[in-house]
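Below is one structure, written out as structure tokens; comments come after it.
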Amino acid sequence: MSAAPAGGAPRRVILDCDPGIDDAFAIAFACGHPGIDLVGVTTVAGNVGLDRTTVNALSVLEFLGHPEVPVAAGSPAPLLRPFNDAREVHGESGLGGARLPAPRARAADLHAVDFLIGQISAAPGAVTLVATGPLTNIAMAVRCYPPLVRQVADFVIMGGSAARGNTTPAAEFNIWADPEAAAIVFGAGWQVTMVGLDVTLQALTSAAVEERMRGQGRLGGELLLPGLSEYRSAARPGQPVHDVCALALVAAPGLFGCEPARVEVETVGRWTSGMTVTDFGATDADCNAQVAMSVDVTGFWDLVLNAYDLAAAAMETG
Ligand code: RIB
Ligand code: CA
């Protein structure tokens, strides 16, 4: 992770996502944390279909009081594979039990790939790109415009795992959903900061976390708690907020311990398709990733809940 902008200016972030309960929680974190300036959201098919992920992104941003953040819709399906969603985890709406008002705004008349290329090429070195869904849009963007990999300030994903999967024993959902796209992304020549299940399954919600959320006004009462109430994640005893971890690393990298590695994505294995094969013994020259392997869980939840306090307060005064 490169040094924070001079003078403590917020990091400009574009979030490519598939809302999704934890994607929505990540958007709320980005809107609340003073060190992040969310300058755009792009959507991809993943947890639910593209129409739904796009409406959810628009709804969440308006609910949070940020209708000014542009949303651009991207790919409705993986590069090669059939589309498989995760409605069994995120519910038919994609936001669990949260019932937000339909958005007034519409998505931009621009494909997500064109939005990503346009925003990043216009400000080389200024935009941190975070992806918390399948990597289809990102793969298309780096193939359409290879300089992208040098022009981002940083590239951070929620995805993959050095050890275990959650969709199959070997593969995490975002990589499993479009392994060909992930292989292109990891092979594009940039350093990928991989925030995978290795850390996201450490930072689970708890009764204390939910108690804090109960005191967070409409944010807690209409998004966070209803979202968690119908989140069918297999993790126990709490719920993983996978995507929030990626944004938290951007805001407070010191909370995470990352190790350099070579990550290759399996695309042909009968049992291992979508596996992020992680070699921590690779030479420095071969490393294409910084893999998050540890997290200060107490510090993480303090950071996240404090950002939610700010987001909730802004909603009351907005
Ligand atoms: O495996 C967890 C990831 O898949 C998260 O990004 C979740 O939102 C789903 O997209
Ligand atoms: Ca996601």
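Listing for the model above:
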| item | result |
| --- | --- |
| VAL113 vs. criteria in a helix (DSSP H, G or I), touching a residue at least 12 places away in the same chain (Cβ under 8 Å), open to solvent by 20 Å² or more (accessible area, probe 1.4 Å) and among the hydrophobic types (A, V, I, L, M, F, W, C) | no |
| Test: residue in the range 34-47 that is out of contact with any strand residue (DSSP E or B) (no Cβ under 7 Å at 6 or more places or on another chain), open to solvent by 10 Å² or more (accessible area, probe 1.4 Å) and closer than 16 Å to PRO253 by Cα | yes |
| So ASP16, is it touching a His at 6+ places or on another chain (Cβ under 6 Å) and within 26 Å of GLU259 (Cα to Cα) | no |
| Candidate set: the range 155-174, residues that are in a strand (DSSP E or B) and of a type outside the set (Val, Ile, Thr); chosen: the one farthest from ligand 2 (Cβ to nearest atom) | PHE155 |
| Filtered residues of the range 231-256 (kept if more than 16 Å from ligand 2 (Cβ to nearest atom) and open to solvent by 10 Å² or more (accessible area, probe 1.4 Å)) | ARG236, PRO237, ALA251, ALA252, PRO253, GLY254, LEU255, PHE256 |
| GLU88 being farther than 28 Å from CYS144 by Cα, away from ligand 1 (no atom under 16 Å from the Cβ) and part of a helix (DSSP H, G or I) | no |
| Residue list for the range 124-135, filter: more than 9 Å from VAL185 (Cα to Cα), open to solvent by less than 10 Å² (accessible area, probe 1.4 Å) and either within 16 Å of ligand 2 (Cβ to nearest atom) or free of Cβ contacts under 8 Å to residues at least 60 places away in the same chain (or both) | LEU129, VAL130, ALA131, THR132, GLY133, PRO134 |
| Check on GLY227, of a type outside the set (Phe, Trp, Tyr), within 15 Å of ligand 1 (Cβ to nearest atom), open to solvent by less than 10 Å² (accessible area, probe 1.4 Å) and assigned to a loop (DSSP other than H, G, I, E, B) | no |
| Test result for VAL250, within 16 Å of ligand 1 (Cβ to nearest atom), part of a helix (DSSP H, G or I) and farther than 23 Å from TRP190 by Cβ | no |
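So that you can scan it fast, the table gives a plain yes or no per residue for (1) of a type outside the set (Asp, Glu); (2) open to solvent by less than 70 Å² (accessible area, probe 1.4 Å); (3) modelled with pLDDT of 95 or more; (4) more than 23 Å from PRO240 (Cβ to Cβ):
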{"position": "LEU50", "(1), (2), (3), (4)": "yes, yes, yes, yes"}
{"position": "VAL55", "(1), (2), (3), (4)": "yes, yes, yes, yes"}
{"position": "LEU80", "(1), (2), (3), (4)": "yes, no, yes, yes"}
{"position": "ASP109", "(1), (2), (3), (4)": "no, no, yes, yes"}
{"position": "GLY118", "(1), (2), (3), (4)": "yes, yes, yes, yes"}
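The values are calculated or read from the model by the stated rules, or taken from the named source; none is laboratory data. Small disclaimer: the values here were computed from a predicted structure and weren't measured. Glycine gets a Cβ as well: all are built from the backbone with ideal geometry, and neighbour counts include every protein chain shown. Note: areas computed on protein heavy atoms with side chains; ligands, DNA, RNA excluded. Shrake-Rupley method; radii C 1.70, N 1.55, O 1.52, S 1.80 Å.
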